[in-house]
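Notes follow the structure.
The values are calculated or read from the model by the stated rules, or taken from the named source; none is laboratory data. Note that this is a predicted model, so its numbers are computed, not measured. Here Cβ is always computed from backbone atoms with ideal geometry, including for glycine, and neighbour counts include all displayed protein chains. Accessible surface is based on the protein model in full, side chains and every heavy atom, while ligands, DNA and RNA are left aside. Shrake-Rupley method; radii C 1.70, N 1.55, O 1.52, S 1.80 Å.
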Amino acid sequence: MILKIVIMGPAGSGKGTMSDLIKDNYPVKHISSGSMFRDEIKQNTPLGQKVNSYLTQGILVPDDVTIELVRNRLSQEDCQNGYLLDGFPRSLVQAKAIEDLGINVVINLTIDEQLLVDRIVYRRLCEDCKTIYNIKLNPLKDEEHCEKCGGKLYQRSDDTYEKLMVRLESYLEETQPVIDYYREKGIVYDVDAGQSVEDVYKQIDEILTKIMEERI
Ligand code: AMP
């Protein structure tokens, strides 16, 4: 069966890390709407210019813009064997706009708020190889440079406490209806994201393996 996965969870719940592990082990293309927007901004495209202020403020880009971007991406060749949506859908309108695609698994990462604050506010990314670090939870000898490639580490402009609170509020308001919508379809699997990376992934792996076995 073709896996069409949505991974959900607030900023800092480890969506990015889990997505990397899933895409390395299952035949799915990882599609992150946030990364797509950040790439457009970096390349200074017309779309990038249009969405820049939304990302800087930590508020959602309008649905029509986001839906068009993601649907176009999913129609490309490399998504035909399966995909993993990360950061999309973030609203009921977005979820309904891809109803015809037949999402078959939703991984819902749940997490305690204080842990979330630590994970986000101390998060640093490598400019070059995009490795993600946390300078509080896993202190680095050199907080400025990537341990893997030596690239410069930076903090996302929306990874501050204030913007996290805005994003959390927006996440709860906009996304809870999406989770409820998928829950009614019986395809939501809740996973406690406060555990170690290994344990969280182990649970996800069990869920996906079971689904693939059941629905061949
Ligand atoms: P993320 O990397 O998923 O945390 O997304 C970063 C930012 O990109 C968000 O705060 C929004 O401004 C924008 N964004 C990403 N995905 C969506 C989406 N599905 N709908 C609206 N805005 C989005």
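Every listed requirement among (1) surrounded by fewer than 19 Cβ atoms within 10 Å (Cβ to Cβ); (2) modelled with pLDDT under 95 is met by residue 23 save one, (2). For segment 177-204, the candidate set comprises residues that are outside any helix (DSSP H, G or I) and among the polar types (S, T, N, Q); within that set, the residue that is farthest from residue 92 (Cα to Cα) is 196.
Note on segment 103-144: residues that are open to solvent by 60 Å² or more (accessible area, probe 1.4 Å) and of a type in the set (Lys, Arg) amount to 3. Give segment 103-129 a look and list any residue that's within 12 Å of the ligand (Cβ to nearest atom) and among the β-branched types (Val, Ile, Thr), or say none. Answer for segment 103-129, where residues must be within 12 Å of the ligand (Cβ to nearest atom) and among the β-branched types (Val, Ile, Thr): just 120. Could you check segment 51-64 and list, in sequence order, the residues that are closer than 22 Å to residue 11 by Cβ and more than 8 Å from the ligand (Cβ to nearest atom)? If the condition is that a residue be closer than 22 Å to residue 11 by Cβ and more than 8 Å from the ligand (Cβ to nearest atom), then 52, 53, 56 are the ones that fit. Of the residues 92, 101, 47, 21, the single one that is of a type outside the set (Lys, Arg) and touching a Lys or Arg at 6+ places or on another chain (Cβ under 7 Å) is 101. Restricting to segment 75-102, and then to whatever is among the aliphatic types (A, V, I, L, M) and surrounded by fewer than 18 Cβ atoms within 10 Å (Cβ to Cβ), can you tell me which residue is farthest from the ligand (Cβ to nearest atom)? By that ranking, first place goes to 101. The residues on offer are 187, 204, 179, and the sole one that is open to solvent by less than 30 Å² (accessible area, probe 1.4 Å) and more than 17 Å from the chain's Cα centre (by Cα) is 187. In segment 145-166, of all residues being part of a loop (DSSP other than H, G, I, E, B) and charged (D, E, K, R), the one that is surrounded by the fewest Cβ atoms within 10 Å (Cβ to Cβ) corresponds to 148. Yes or no: residue 35 among the small types (Gly, Ala, Ser), open to solvent by 30 Å² or more (accessible area, probe 1.4 Å), under 27 Å from residue 122 (Cα atoms) and more than 8 Å from the ligand (Cβ to nearest atom)? Against the criterion (among the small types (Gly, Ala, Ser), open to solvent by 30 Å² or more (accessible area, probe 1.4 Å), under 27 Å from residue 122 (Cα atoms) and more than 8 Å from the ligand (Cβ to nearest atom)), residue 35 does not qualify. Listed by first and then second residue, the pairs with beta-carbon distance under 8 Å, at least 6 apart or on different chains, first residue in segment 122-138 and closer than 19 Å to residue 150 by Cβ and among the aromatic types (Phe, Trp, Tyr), second open to solvent by less than 30 Å² (accessible area, probe 1.4 Å) and modelled with pLDDT of 95 or more, are 133/125; 133/126; 133/140; 133/146; 133/153. Would a scan of segment 66-88 turn up a residue that is aliphatic (A, V, I, L, M), free of Cβ contacts under 8 Å to residues at least 24 places away in the same chain and farther than 17 Å from residue 106 by Cα? Within segment 66-88 (the criterion being aliphatic (A, V, I, L, M), free of Cβ contacts under 8 Å to residues at least 24 places away in the same chain and farther than 17 Å from residue 106 by Cα), the answer is no, since none of the residues qualifies. Sub-6 Å Cβ pairs linking a first residue in segment 1-18 that is at pLDDT 90 or above to a second residue that is among the polar types (S, T, N, Q) and part of a loop (DSSP other than H, G, I, E, B), at least 6 apart or interchain, are 4/104, ordered by first then second residue.
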